[in-house]
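The values are calculated or read from the model by the stated rules, or taken from the named source; none is laboratory data. Owing to the predicted nature of the structure, the values given are computational and were not obtained by experimental measurement. Side chains are part of the model used for accessible areas, which takes the heavy atoms of the whole protein and leaves out ligands, DNA and RNA. Shrake-Rupley method; radii C 1.70, N 1.55, O 1.52, S 1.80 Å.
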Amino acid sequence: MESASVDARRPVARRAMRDDVRDAVMAMLMDGRLAPGKSVGIDQLARDLGVSPTPVREALVEIEGTGLVQRVAHRGYQVTPPMTRDQTAELAEARMAVEPAAVALAGNRGDADLLPRLRAAHHAHEDAARGVHEWDGVTKDRNGLPLPLVPYYTADWTFHMTILDHCGNRYLKLMVSTLGVSVQRMRQSIGSGVLDADEAVAEHARILAALEAGDTEGAAEAMRLHLAGVRDRSVAEA
């Protein structure tokens, strides 16, 4: 009985390790330590993470479904190359088909928690944008990334997810959440410069102002214009 109990726990422990490895590899992909176009050596990654190659291989198989890595014949795994202009435009257009509807739904629900949380998200975005402007253009973190970019992108995405959290439609939220990985790929494709911080903050402010005024149609249109601006600026830099 004792032996059977231990055996029953082994699959759980293995899944937990695989999940931990997947999360660690995802973090490396999202923050740029594994850069677009770079080969992913399973053995080296396993050594870096202090695990055997098996959970790394399993994690990469799972991550392949997100589009962040791809398997290349006879060469193993590679971080997916930068997005093309067409892919960048298509991503923004996909968001334009969903997020204006989400912001209109969020505004119409009358959730008292929406505006306070959205104001807080907007203030955090403003603060992060100031950090981008104050950056010296040289100093980087221990992973070689420009210091203000991760908090800036996090604050930007939090503003959008706050709206999705209050739209009352789990499927719209799921659709946009799924696009989050592609949004990160788009940012990595653009490079290390944030050229549209002022524009994005101003566009978010217009969305917030429309919701504060009870103008849900205006908020939806402001969101559409914001995402159109993101598309145009991103394509110009891609």
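List of remarks:
- Per residue, the range 29-117 exposes 51 Å² of solvent-accessible protein surface, assessed with a 1.4 angstrom probe and all protein chains in place.
- Overall form of the range 51-101 per C-alpha gyration tensor (a/c, 1.5; a/b vs b/c): oblate
- The H on the amide N of VAL40, modeled in the peptide plane, is under 5 Å from the matching H of TYR77, GLN78, VAL79, each at least 5 residues off or on a different chain.
- A full extension of the chain between ARG85 and ASP19 corresponds to an added length of 20.5 nm, given 0.36 nm per residue minus the alpha carbon distance.
- Couplings 3J(HN,Hα) for the range 87-103, derived from phi with the Karplus relation 6.51 cos²θ - 1.76 cosθ + 1.60 (θ = phi - 60°), are 5, 4, 5, 5, 4, 4, 5, 5, 5, 5, 7, 10, 5, x, 5, 5, 5 Hz, where x marks Gly and Pro.
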